[in-house]
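A.B. asks: Below: one structure in structure tokens.
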2 protein chains.
Amino acid sequence: MAAAVGGEEVTNRQVILKRYVTGCPMVEDMEVVTGTLRLAVPPGSPAVLVKNLYLSCDPYMRTRMTRHAVPSFVPDYVPGKVLDNCGVSKVVLSGHPDFKPGDLLWGVTGWEEYTLIPNPVFCHMINHREFPLSYYTGVLGVPGLTAYAGLFEVAKAKKGECVFVSAAAGAVGQIVGQLAKLTGCYVVGSAGSDQKVNLLKTKFGFNDAFNYKKELDLNAALKRCFPHGIDVYFENVGGAMLDAVLHNMRHRGRVAVCGQVSQYNLEWPDGVDLFRLVGNHIRMEGFLVSDYLGEYHRFEEEMARYLNEGKVVCVEDVAEGIEAAPAALVGLFAGRNVGKQVVAVARE
Amino acid sequence: MAAAVGGEEVTNRQVILKRYVTGCPMVEDMEVVTGTLRLAVPPGSPAVLVKNLYLSCDPYMRTRMTRHAVPSFVPDYVPGKVLDNCGVSKVVLSGHPDFKPGDLLWGVTGWEEYTLIPNPVFCHMINHREFPLSYYTGVLGVPGLTAYAGLFEVAKAKKGECVFVSAAAGAVGQIVGQLAKLTGCYVVGSAGSDQKVNLLKTKFGFNDAFNYKKELDLNAALKRCFPHGIDVYFENVGGAMLDAVLHNMRHRGRVAVCGQVSQYNLEWPDGVDLFRLVGNHIRMEGFLVSDYLGEYHRFEEEMARYLNEGKVVCVEDVAEGIEAAPAALVGLFAGRNVGKQVVAVARE
């Protein structure tokens, strides 16, 4: 690290937003540029300088690529500036007492090779080195905690209930389904290919699953899978699927709204028959994982135990190299990823 | 009553559904027909035969005028058959031990002059005769209990919170606003005419109100009224207003979904940006008053006290005679009613 302190300059490839996006994002909406970075932290600051190892691709990032008149919960990306999101990084230099060079962290970082994080408030030490580091972008990171908080804190799923998960093979969905199964629920998932449906039934142990692209009538598909209705819907997609689900919920059913990937590329959202909320006293509740960070360590230990015992498994789709990041992100909206989409920027 | 027991035949004018409705309901979708009814109850049955005094016109009735592929919470009306809904009636004959001739009831009855109620499970004695009987179609009936349950049980409005009510001059909205004011909330309502807006500010004591038809930008109107955002939205209208509200909710805001009058006449519901639920952890919960009937007597006593003390007032729009019922119902969708729309079929 001695050389770094001296302020060595390194090349730093970055993914920047080229222009605000309308409609489906394209690789050309982003650009990989090569700059340089001096390896140094401002004297007296709590900054950390990290080398990024794994970057997480998440559908919500699309919502940050459009300029919002009314601010959303995270700042919009700015054309010409580097993207950011959660990732796994290694500390190169630190001005923060909690972190030292060589520490492995997960948290918010830039879509680039090296990031200077001015104030590492959302950086967490990686405690379980027995798993692949990339798990901290997925099952042990934000998607895992999202699944856990959404299923138990928001939807309050209980043993014996009927749970439906959309985008079920994705980063969050695959964990939701497995946690629901461990709780004693009847669990059905939807996904966009036969391969993914097969994964749900075999690898993740869902009771049933269907390929929504092959169903002529989503309402009929749900009726077939849930003849007595749905107690809990873990909502990742929005639009027509949400509408069909609302027609199949049981009295006092709960919808945990995690995301709405089918809607992010639309100029106007699809209509959904929200009056259905009334007839069955349905509660629909959005949530952000940031409200549940206080539960992270409890979650991390519980999930690590499940992973060690083989009770939860995960499937990742790893793109190699930062140049692959734009295509990996865009691929989410075509459903090209099988499992959690990660970009491996560097191995340790 | 002696004559009645003998089975006297009376003329019985009825409002029947003529055809399933598409789009905005018209007077011609209904028909007032004159039949006859023998004043008798089947021997040994718990039926009551009532003379209807006041019938309630409620927007949700529109949803029953279309045939649903997936059953809704109440049966669809059937062409050729009499409509039903809540009303105030006087018992003519009774086979039920709880009711006797001359009793005044509120509950579900037919849109006709006389109704034979085979099993009076949803009939309640009228306890407070000091008020106009029609109040039991409004402030002391289903709309009042709906306001009470939605505001306190569903939305859990608390002192100091900012509450927005749409269709605020209507049967439910006017009560919601007054109960919220009594709780110490800051209350704003929207309505569809300057006259109604004036009522909200003067008669019902709302802190502020606006005519949504005169606002070019609902989002801007809400920002003006709620610079710090909305904690509780009592949702009666759906569509563009709901969308604008979701852009102005505070963190952990609650939306009690009571109705969506702007949506009932549409073939496809308007799109609403439901992803906004996520960013601010908004809970949106539908409810039916039928889940809260156990609280009715507590509510009735509390509301009667408020009425006696002048702390709650109500405004009714009374149409005279059963022939006026179809137009009164249709008028709800043009906002022609000022206050609770009632049909006076007969005075006592």
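A.B. asks: Using amide H atoms built 1.01 Å from N in the peptide plane, name the residues 5+ places from A:His96, or on other chains, whose amide H lies under 5 Å from its own.
C.D. replies: Amide H to amide H, under 5 Å and 5 or more residues apart or across chains, A:His96 pairs with nothing.
A.B. asks: Using alpha carbon centroids, what distance separates the range A:55-108 and the range B:189-255, in Å?
C.D. replies: 36 Å
A.B. asks: Could you tell me the convex hull volume per residue, in Å³, taken over the Cα atoms of the protein assembly as shown? Don't jump to the answer; show the numbers that get you there.
C.D. replies: On the way: hull volume 115.3 nm³, N = 696.
Each residue corresponds to 166 Å³ of Cα convex hull volume.
A.B. asks: Further question on the same structure: Just the number please: accessible area per residue for the range B:231-348, 1.4 Å probe, all protein chains included, in Å².
C.D. replies: 35 Å²
A.B. asks: What do you get for Rg/Rh over the range B:230-348 if you use C-alpha atoms and the Kirkwood form of Rh?
C.D. replies: Here the Rg-to-Rh quotient is 1.04.
A.B. asks: Inside 10 Å of the C-beta atoms of A:232-239, what's the mean count of C-beta atoms belonging to other chains?
C.D. replies: Counting other chains' Cβ atoms within 10 Å and averaging over A:232-239 gives 1.
A.B. asks: Here's a follow-up. Two decimals is fine: what is log10 I(q)/I(0) at q = 0.13, 0.21, 0.25, 0.27 Å⁻¹ for the range B:113-180, from a Debye sum with one equal scatterer on every Cα and no solvent?
C.D. replies: Log-scaled intensity ratios, in q order: -0.47, -0.92, -1.09, -1.18.
A.B. asks: Can I ask one more? Quick one: work out Rg over Rh on the C-alpha atoms of the range A:35-125, Rh as Kirkwood radius.
C.D. replies: On the way: Rg = 13.8 Å, Rh = 13.9 Å.
Using Cα coordinates only, the ratio equals 0.99.
A.B. asks: Quick one: 3J(HN,Hα) in Hz for the range A:150-156, Karplus 6.51/-1.76/1.60 with θ = phi - 60°, rounded, Gly and Pro as x.
C.D. replies: Going residue by residue, I get x, 6, 9, 7, 8, 7, 6 Hz, with x marking Gly and Pro.
A.B. asks: Taking all protein chains as present, what is the carbon and sulfur share of the accessible area of chain A, in % to the nearest whole number, probe 1.4 Å?
C.D. replies: About 53 percent, which is the carbon plus sulfur part of the accessible surface.
A.B. asks: Okay, next question. Given the options B:Leu37, B:Leu222, B:Leu104, which has the most mean-square fluctuation in a GNM of chain B, springs set between C-alpha atoms less than 10 angstrom apart?
C.D. replies: B:Leu37
A.B. asks: Can I ask one more? Cut-off under 17 Å on the C-alpha distance; same-chain residues fewer than 8 positions from B:Lys214 excluded. Which aspartates and glutamates are left, in chain and number order?
C.D. replies: B:Asp194
A.B. asks: So for chain A, what percent of the C-alpha to C-alpha distances run longer than 37 Å?
C.D. replies: Beyond 37 Å sits 19 percent of the P(r) for chain A.
A.B. asks: How are the Cα pair distances of the range A:170-303 distributed, in percent, across 5 Å bins from 0?
C.D. replies: Values per bin, smallest distances first: 2, 10, 17, 23, 22, 15, 8, 3, 0.
A.B. asks: Right, here's the next one. Take the Cα radius of gyration of the range B:83-129 and divide it by 2.2 N^0.38 Å, with N its residue count; two decimals is plenty.
C.D. replies: Values: Rg = 9.9 Å, N = 47, 2.2 N^0.38 = 9.5 Å.
Against the compact-globule rule of thumb, the ratio is 1.04.
A.B. asks: Most mobile of B:Gln263, B:Gln195, B:Gln178 per a Gaussian network model of chain B (Cα springs, under 10 Å)?
C.D. replies: Result for chain B, Cα springs under 10 Å: B:Gln195 fluctuates most.
A.B. asks: Moving on. Residue by residue through the range B:314-323, which ³J(HN,Hα) values in whole Hz follow from phi under the Karplus form 6.51 cos²θ - 1.76 cosθ + 1.60 (θ = phi - 60°), with glycine and proline marked x?
C.D. replies: Residue by residue, the range B:314-323 yields 9, 10, 10, 10, 9, 8, 9, x, 5, 4 Hz.
A.B. asks: Additional query: In a GNM of chain B with a 10 Å cut-off on Cα contacts, which of B:Asp270, B:Asp29, B:Asp208 has the highest mean-square fluctuation?
C.D. replies: B:Asp270
A.B. asks: With a 1.4 Å probe, what is the total accessible area buried between chains A and B, in Å² rounded to the nearest 100?
C.D. replies: When A and B are taken together, about 3000 Å² of accessible area is lost.
A.B. asks: If the only charges are +1 at each Lys and Arg Cβ and -1 at each Asp and Glu Cβ, what is the size of the charge dipole of the protein assembly as shown around the Cα centre, to the nearest 20 debye?
C.D. replies: 380 debye
A.B. asks: For A:Lys18, which lysines qualify as cross-link partners when the Cα separation must be under 17 Å and same-chain residues fewer than eight apart are set aside?
C.D. replies: Candidates past the 8-residue exclusion: A:Lys81.
A.B. asks: From the gyration tensor of the Cα coordinates in the range A:119-239, what semi-axes in whole Å does the equivalent ellipsoid have, largest first, with each one equal to sqrt(5λ)?
C.D. replies: On the way: eigenvalues 150, 49, 34 Å².
That gives 27, 16, 13 Å for the three semi-axes.
A.B. asks: Whole-Hz Karplus ³J(HN,Hα) for the range B:247-258, in order, using 6.51 cos²θ - 1.76 cosθ + 1.60 and θ = phi - 60°, x for Gly and Pro?
C.D. replies: Couplings: 7, 10, 7, 7, 4, 6, x, 10, 10, 8, 8, 9 Hz.
The values are calculated or read from the model by the stated rules, or taken from the named source; none is laboratory data. Computed from a prediction, not measured in an experiment: that's the story for all the values here. Quick reminder, even Gly has a Cβ in these numbers, built from the backbone with ideal geometry, and neighbours come from all protein chains shown. Accessible surface areas use protein heavy atoms only, side chains included; no ligands, DNA or RNA. Shrake-Rupley method; radii C 1.70, N 1.55, O 1.52, S 1.80 Å.
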